[in-house]
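In what follows, a single structure is set out as structure tokens and then discussed.
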Amino acid sequence: MPTDTVSVTGWGRTAPTAARLVRPRSYEEAVAAVRECGARGGIARGLGRAYGDAAQNAGGAVFDMTGLDLVHAIDVDGGTVLCGAGVSLHRLMEVLLPLGWFVPVTPGTRYVTVGGAIGADIHGKNHHVSGSFARHVLSFELLTADGQIRMVDRGTPLFDATAGGMGLTGVILTATVRLQPVETSLMSVDTERATDLDDLMARLTATDHRYRYSVAWIDLLARGASMGRSVLTRGDHAPLEALAGRTRARRAPLEFRPGRLPAAPSFVPEGLLGRTTVGLFNELWYRKAPHARVGELQRMSTFFHPLDGVPHWNRVYGRGGFVQYQFAVGYGQEETLRRIVHRISQRRCPSFLAVLKRFGEGDPGWLSFPMPGWTLALDIPANLPGLGGFLDELDEEVAAADGRVYLAKDSRLRPELLTAMYPRLDEFRALRAELDPRSVFTSDLSRRLGL
Amino acid sequence: MKDAFGIPQSLLILGGTSEIGLATARRLITRRTRTVWLAGRPSPGLESAATGLRELGADVRTVDFDALDPDAHEAALGKVFAEGDIDMVLLAFGVLGDQSHDENEPGAAVRVAQTNYTGAVSSGLVCARALQTQGHGSLVVLSSVAGERARRANFIYGSSKAGLDAFTQGLGDALYGTGVHVMVVRPGFVRSKMTEGLEEAPLATTPEAVATAIETGLRRRSETVWVPGALRVVMSALRHVPRGVFRRLPL
């Protein structure tokens, strides 16, 4: 089994720590890796898309799960797939789309593994309709601290602790996932502009239920009357009849052809993304969006994963890396959301990848992030002076409104706020204490937050 | 663990009564630091420093540590690391000595060198090994501009800091890629009890300013920090001044 001591960071490229990287390729190797991980424990890692320190383990072992990359079985009639935890959603799309199936939930990147999708209980643009990823997982095999492999079915405490449990209950080896049927690999997309935050929230509230997928890009640098101006893109899988007149698309309606641009260079000067450049970008992005356009056909990669087109896009923030901040507050807490957007825009945080979305019902995962309400996600260069204190103040607002921040994106939360944000944390800790008394499964995130 | 901005949750200060060390601790406690170890010779000063930090809400403990007793470093510091991860070690101890007195008393001069240099070599290596084992952490070492080029007026202190500075740079290179971050901090003249009564040099600074610079350095994962930053330019010019001229400069 290949082992290597390497410096590991999350996608945000902050807080590097050193770990032994172990890449198991079979159940036996995975069991051996967990048994031999040593005093500082181990943690599973997929494709490293968690922004913070969730898949790092300083001084211990990190299990690179991308070696378990087999798609074992597809039920083409029933619409389920059984695959290894290291299979990426990208791979699933390649395999499943020609058969007329799509993953039930996809985040803003398809380069995440199935194991990671369960561990972070990820959500996508369809959360208000379909919930989070774990809602579509029927069962999974979990390698626990005692070296046993357990079959975990939905509805059990271990399932709910693992869904969103950030890999701290064990290592997921395989999972059975229910799929979404599609007729084509194209998306039918409606685009519209919202002139300010109130307009945006009104539009989302009024018409979100008509769309399976919905998200709004929001300009957090706009101030005054245009504070919160946004571009809404909402849509659904295009039905076959929508391809009328497009002969090429009709010939292969389920073809999956994501575009790809050159990778971001490995060295980018710090401060490239300052207020001026980001402000300019945001202005252009807003102006180029149509006031209202209906039924545009877009490729899946354009609609769901625009950033995947640029490999290593996280390098554009330079050596200092960046922080992703995502929080959710419940319905009825619109004032809090408004106040936070106001504070961010007053502070002129250069954030060009900010999105606002409405969540639907939450799922039973104990540490699962989504809750019915509003979620805002933004990224900010980590070297912005005073950012740490500013985000702490936002945390206070979020916690006071019974909201929470997303652990898969966190790299800086104050540990004291965690219990307020995740009320079932005590149950999670109790289950971990029983299942894994020696804390075999440990990550930098769990150390930092005392999970 | 350090957060995305490099702020530690646990801090070990070697030289627990150092004004710069305590100013740094105060600053970090307002952010994320919850556990502070103050290592130093047992004294009322050390205890009152601990009390002062406790009042800010930190969990503060003291540990017996004497830079002049390198044989005891392993045991004393090993005990601290055994209690839990240390996210940041601040090597803050040092003595200025009395140049004109020490020139005539080699024993006193050697004590300056032993405290500032060999004491730091020993404790620095002990901490470096512990940090490497835990796979993360910052080792922040307080050097001085005096070590950049030896001056007639304080070359005993300056030479000890020059040794410490070179040692730290090498250690930083040795630990590159191990998850451990090593940072050299080179303050200019700092107004503190160590420099009380001395004539103030240009670009003088304060312990609080050094603490701020350390926080920024942690965020940027800097390897070298000058306080104030302008000293970097000044010293790089002074470094190239010919000996004959440098000797005559009123420094």
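Here the protein assembly as shown is treated as a Stokes sphere of Kirkwood radius computed over C-alpha pairs; at 20 °C and 1.002 mPa s its diffusion coefficient rounds to 78 µm²/s. Each label was represented as a point 7 Å from its Cα along the Cα-to-Cβ direction; for B:Met194 and B:Gln169 these points are 2.0 nm apart. Restricting segment B:1-109 to GluC sites (Glu not before Pro) that sit in a DSSP loop and have at most 16 other Cβ atoms within 10 Å of their own Cβ leaves B:Glu55, B:Glu83.
A cut-off under 12 angstrom between Cβ atoms defines the neighbours of A:His305, and their net charge, with Lys, Arg +1 and Asp, Glu -1, is +4. Here the relative contact order of chain A, from alpha carbon pairs under 8 Å that lie six or more residues apart, stands at 18 percent.
For segment A:1-92, taking Cα atoms only, Rg and Dmax work out to 14.6, 47 Å respectively. Lys/Arg Cβ at +1, Asp/Glu Cβ at -1, dipole of chain B taken about the Cα centre: which of B:Val126, B:Val89, B:Thr51 is farthest positive-ward? About the Cα centre, the residue reaching furthest to the positive side is B:Val89. Just checking the listed ones, B:Gly172, B:Gly107, B:Gly119: in the Gaussian network model of chain B with Cα springs under 10 Å, the one fluctuating most is B:Gly107.
3J(HN,Hα) along segment A:315-330: 6, 5, 7, x, 5, x, x, 8, 10, 9, 10, 10, 10, 10, 10, x Hz, from the Karplus curve 6.51 cos²θ - 1.76 cosθ + 1.60 with θ = phi - 60°, whole Hz, x for Gly and Pro.
Loop sites here are GluC sites (Glu not before Pro) outside DSSP states H, G, I, E and B with no more than 15 other Cβ atoms within 10 Å. The longest part of chain A free of them is A:37-182.
Restriction of the GluC sites (Glu not before Pro) in segment B:160-242 to DSSP coil positions whose beta-carbon has at most 15 other beta-carbons within 10 angstrom yields B:Glu196, B:Glu199, B:Glu200, B:Glu223. Taking 0.36 nm per residue of separation and subtracting the current Cα-Cα distance, fully stretching the chain between A:Gln148 and A:Glu241 would add 28.5 nm.
Computed from the Cα positions only, the extents of chain B along the three principal axes stand at 53, 36, 34 Å, in decreasing order. The alpha carbons of segment A:186-416 occupy a box of 56, 44, 39 Å along the principal axes, longest dimension given first. Potential lengthening of the chain between A:Ser7 and A:Arg212 amounts to 69.8 nm, from the contour at 0.36 nm per residue minus the alpha-carbon distance. Taking every C-alpha pair closer than 8 Å and separated by at least 6 residues, the mean separation divided by the residue count of segment A:69-182 gives a relative contact order of 31 percent.
Relative to one another, the C-alpha centroids of segment B:107-174 and segment A:215-290 are positioned 52 Å apart. Modelled spin labels at B:Thr133 and A:Glu361, positioned 7 Å past Cα toward Cβ, are 5.2 nm from each other. What's the FRET efficiency of B:Ala82 with B:Ala201 using the Cβ-Cβ distance as r and R₀ = 25 Å, to the nearest 0.05? Taking R0 as 25 Å, the efficiency between B:Ala82 and B:Ala201 is 0.05. About the centre of its Cα atoms, chain A shows a dipole size close to 1280 debye [charges on the beta carbon of Lys, Arg (+1) and Asp, Glu (-1) only; nearest 20 debye]. Take the Cα of A:Phe267, step 7 Å toward its Cβ, do the same at A:Asp426, and the gap between the two points is 5.4 nm. What you get for segment B:10-248, charging only the Cβ of Lys and Arg (+1) and of Asp and Glu (-1), is a dipole of about 920 debye around the Cα centre. When DSSP beta bridges are restricted to pairs lying wholly in the protein assembly as shown, around 65% turn out antiparallel.
In loop segments of segment A:227-306 as defined by DSSP, the chymotrypsin sites (Phe, Trp or Tyr not before Pro) with at most 13 further C-beta atoms inside 10 Å of their C-beta are A:Phe267. Taking θ as phi - 60° and the Karplus parameters 6.51, -1.76 and 1.60, the scalar couplings of segment A:291-296 work out to 4, 7, 9, 10, x, 5 Hz in sequence order, x denoting glycine and proline. If a paramagnetic tag sat 7 Å from the Cα of B:Phe246 along the Cα-Cβ line, which residues of segment B:145-170 would have the backbone N under 18 Å from that point? Counting only backbone N, you get B:145-167.
No value in this document is a laboratory result; all are computed from the given coordinates. All figures in this text were calculated on a predicted structure; none of them were measured in a lab. Using ideal geometry, Cβ is built from the backbone for each residue, glycine included, and neighbour counts are taken over all protein chains shown.
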